[in-house]
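We did not get these values from a lab; they are worked out from the coordinates using the rules stated. Here the structure is a predicted model, which means the values were calculated and not measured. Ideal geometry is used to build each Cβ from the backbone, glycine not excepted, and the neighbour counts take in all protein chains shown.
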Amino acid sequence: MSLLADHNLPFAVALALMVLLALLQAFGLGHIFGDHDLDADSDGGLADGLLVILGIGRVPFMIWLASFLLAFAGLGVGIQALADNLAGAPLDRWLAAVLAAGAALPVTGVLSRALGHVLPGDETSAVGLDSLVGRRARIVIGRAAAGHPARARVHDHFGHMHHVMVEPHEADSEMLEGDEVLLVRRENETFYGVALQERRLSPL
């Protein structure tokens, strides 16, 4: 049974989205879907129990979403193959998608909790942004100038990587790709940094 068959279209799309997420993360563009972890801590009750079952907050959101897409696609193709073997024809693709989504949610919860134990830092990786102040970062995309932040990569004290927007602390400074900077303060979503090494001017 081909993954590209019409009755498997929702599951092929899910796999394509999972590959897209992996590429975005590899190129440091995971912030499009949010760099921060979902918070599974609440004041208890039904909502808290639901978050625990779904595994939300146990791993970063990008990992949770990729796990869901993988489970959804795998279960969906399996449901269609089973239906084809038992009834001689696959189910309507949208009916199969609903069934697969319903089954994929608890499966994703199990996967997320298991990954949370394999990657113990993930359970505590939802660090406050202020905790990144005082850490070293490296400009990875763009040129940072006053009013024009560039994207920088910084690791928190758990060793987890974050991508943040950085401007120079001094208005007349600039920072280029590859520059290592010290994050000295934060205002909203923007960090301000100072270069850790003065750039040498090329001889005339």
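Descriptive notes on the structure:
- Near G193, the amide H atoms lying under 5 Å from its own belong to E167, H169, V184; only residues 5 or more places off or on other chains count, and H is placed 1.01 Å from N.
- Label point distance in nm, F158-D92, each placed 7 Å from Cα along Cα→Cβ: 4.3
- Amide H contacts for H162 (H built 1.01 Å from N in the peptide plane; partners 5 or more residues away or on another chain; cut-off under 5 Å): V154, H155, D156.
- What the Cβ-Cβ distance of L176 and A81 gives, at R0 = 41 Å and to the nearest 0.05, is a FRET efficiency of 0.15.
- Pairwise FRET efficiency - A22 versus L129, Cβ, R0 = 25 Å, nearest 0.05: 0.50
- Residues R143 and L3, FRET efficiency given R0 of 41 Å [Cβ-Cβ distance, rounded to 0.05]: 0.45
- Rounded Å value of the spacing that divides the Cα centres of segment 82-111 and segment 138-152: 45
- Distance between the modelled labels on R136 and V110, one decimal in nanometres: 4.4 nm (7 Å Cα→Cβ projection).
- Rg over Rh for segment 129-195 works out to 0.92, using Cα positions for both radii and the Kirkwood form for Rh.
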